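This report refers to the structure that appears directly beneath it.
The values are calculated or read from the model by the stated rules, or taken from the named source; none is laboratory data. Bear in mind that the values here come from a model prediction, so they are computed numbers and not experimental data. Note that we place each Cβ from the backbone using ideal geometry, even for glycine, and neighbour counts take in every protein chain shown.
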Amino acid sequence: MESETNKKLRKIIHIDMDAFYASVEQRDNPEYRGKAIAVGGSPEGRGGVVATASYEARKFGVRSAMPSKRALQLCPELIFIRPRFDVYKEASRKIREIFSRHTDIIEPLSLDEAFLDVTEDKQQIGSAIEIAKLIKQAIKDELQLTASAGVSVNKFVAKIASDLNKPDGLTFIGPSSIESFMEKLPVEKFFGVGKVTADKMKRMGLHTGADLKRLSENDLKTHFGKVGAFYYRIVRGIDEREVQPHRETKSLGAEDTFPYDLTRTEEMNAELEKIAVTVYERLKRYGLKGRTVTLKIKYSDFRQITRNQSFPVPVGDLEKILETAKQLLLSTEPEDKPVRLLGISLSNFGEIVPVNNRPDNTIQLSLFDDV
């Protein structure tokens, strides 16, 4: 039995670039180094949205998807920079080349983040930790950028690990350490536990994974509904999802299914902000703009609706996508029914031109992809 379990253990690396867009700007423009910068829309006029903030700006509370006007209030010396997606895309391509030296099983989540399955690595190094070190060093030497890496036996734990020692971090959580690690983790760090759920848990005396672990699966379902089964598994570090190669090339939109139902408009808007950033990045990657923005909603009873708005000229900027999605959400009286999934897509592109302008480069796009 023990040998069977060991056979099934995978070696998963999650690589997350450190403040990617901002770091590229600081690399290419020495005058920005050491300063608080935000890549995104200007706070002038109606104001834009922050796509990425440097670590110097994050010390003031500036974060991705935050309105630029709010970011400027938090950090009056903040420097706003228009995105250069052609430059970020090229850096992302080079990072992917570094990944591919070790494995072809690569699942990009965005331009700056990916899962790698190195259970069978090309160079037969055998150690996921050593591979992560080599990847980080290659990114630093060849691109003058830093990345953080998480290494474990599944995607969920590897992703949490990559965020623990940013920037330029490397964290390994082995099979024997997963449960003890999860027990110490604050409940708000668990995927799917938002502010509302975290507050409810704390009122119940549930502050850490260890507290959650004391409850049976039925108890968790009683208090949190069907998502209780998810909490029961994830607090034990159980995640059987496989790394899925090439997923990012199949989408002109993004959606996310939540492990718990959203019931408040502010929660839904917060999730839409994250989804809109992902959509924005994917549109830029393909060089696309669309005339129609579509919001997809799936309710807790699995009933699904879509709402869309069309424009006379194509749109592709983050602010417009997010503003439109929020307005479409508002038109559905969002707090009337619990929501389990939200998605945003753009369509009605007209002519699709590949970003490298090669006429023989066709792109297969599906309507949605998971965030």
In the list LEU283, LEU329, which residue meets the criterion of being in a helix (DSSP H, G or I), more than 27 Å from ASP112 (Cα to Cα), under 22 Å from the mean Cα position of the chain (by Cα) and touching a residue at least 24 places away in the same chain (Cβ under 8 Å)? LEU329
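So which residues in segment 211-230 are more than 26 Å from the chain's Cα centre (by Cα) and assigned to a helix (DSSP H, G or I)?
Result: ASP211, LYS213, GLU217, ASN218, ASP219, LEU220, LYS221, THR222, HIS223.
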Could you tell me whether any residue of segment 104-116 is acidic (Asp, Glu) and modelled with pLDDT of 95 or more? no
Have a look at ALA71, ALA65, ALA53, ALA91 and point out the one that is more than 20 Å from ARG282 (Cα to Cα) and of a type in the set (A, V, I, L, M). ALA71
Which residue is surrounded by the fewest Cβ atoms within 10 Å (Cβ to Cβ), if the candidates are limited to segment 294-339 and must be within 21 Å of GLY225 (Cβ to Cβ) and touching a Pro at 6+ places or on another chain (Cβ under 9 Å)? ASP301
Go through the residues of segment 158-165 one by one and say whether even a single one is more than 17 Å from LYS11 (Cα to Cα), outside any helix (DSSP H, G or I) and in contact (Cβ under 8 Å) with a residue 60 or more places away in the chain. yes
Out of all the residues in segment 249-278, which are of a type in the set (A, V, I, L, M, F, W, C) and not in a loop (DSSP other than H, G, I, E, B)? ALA254, PHE258, LEU262, MET268, ALA270, LEU272, ILE275, ALA276, VAL277
In segment 261-275, how many residues are within 11 Å of the chain's Cα centre (by Cα) and not charged (D, E, K, R)? 1
Collect the residues in segment 332-365 that are within 20 Å of the chain's Cα centre (by Cα) and modelled with pLDDT of 85 or more, keeping them in residue-number order. VAL339, ARG340, LEU341, LEU342, GLY343, ILE344, SER345, LEU346
Helices (runs of 4 or more DSSP H) wholly inside segment 55-121 containing at least 2 residues that are touching a strand residue (DSSP E or B) at 6+ places or on another chain (Cβ under 7 Å) and over 27 Å from ARG241 (Cβ atoms): 68-74
Of all the residues that make up segment 85-103, how many are closer than 23 Å to THR278 by Cα, of a type outside the set (Ser, Thr, Tyr) and either modelled with pLDDT of 95 or more or crowded, with 16+ Cβ neighbours inside 10 Å (or both)? 8
Taking THR208 as the residue in question, decide whether it is within 24 Å of MET66 (Cα to Cα), touching a strand residue (DSSP E or B) at 6+ places or on another chain (Cβ under 9 Å) and β-branched (Val, Ile, Thr). no
For TYR231: the one exception among (1) in contact with a Leu (Cβ under 6 Å, 6 or more places away or on another chain); (2) surrounded by fewer than 22 Cβ atoms within 10 Å (Cβ to Cβ); (3) closer than 29 Å to PRO338 by Cβ: (2)
Test for SER100: is it without any contact (Cβ under 8 Å) to a residue 24 or more places away in the chain and either of a type in the set (Gly, Ala, Ser) or in the same structural domain as ASN269 (by TED's automatic domain parsing) (or both): yes
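If you check ALA38 against the conditions, is it in a strand (DSSP E or B) and under 20 Å from VAL279 (Cβ atoms)? It would help to see each step written out before you state the result.
Working: in a strand (DSSP E or B): yes; under 20 Å from VAL279 (Cβ atoms): yes.
So ALA38 passes the test.
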Pick from segment 147-175, criterion among the aliphatic types (A, V, I, L, M) and closer than 15 Å to ILE234 by Cα, ranking: surrounded by the most Cβ atoms within 10 Å (Cβ to Cβ): ALA158
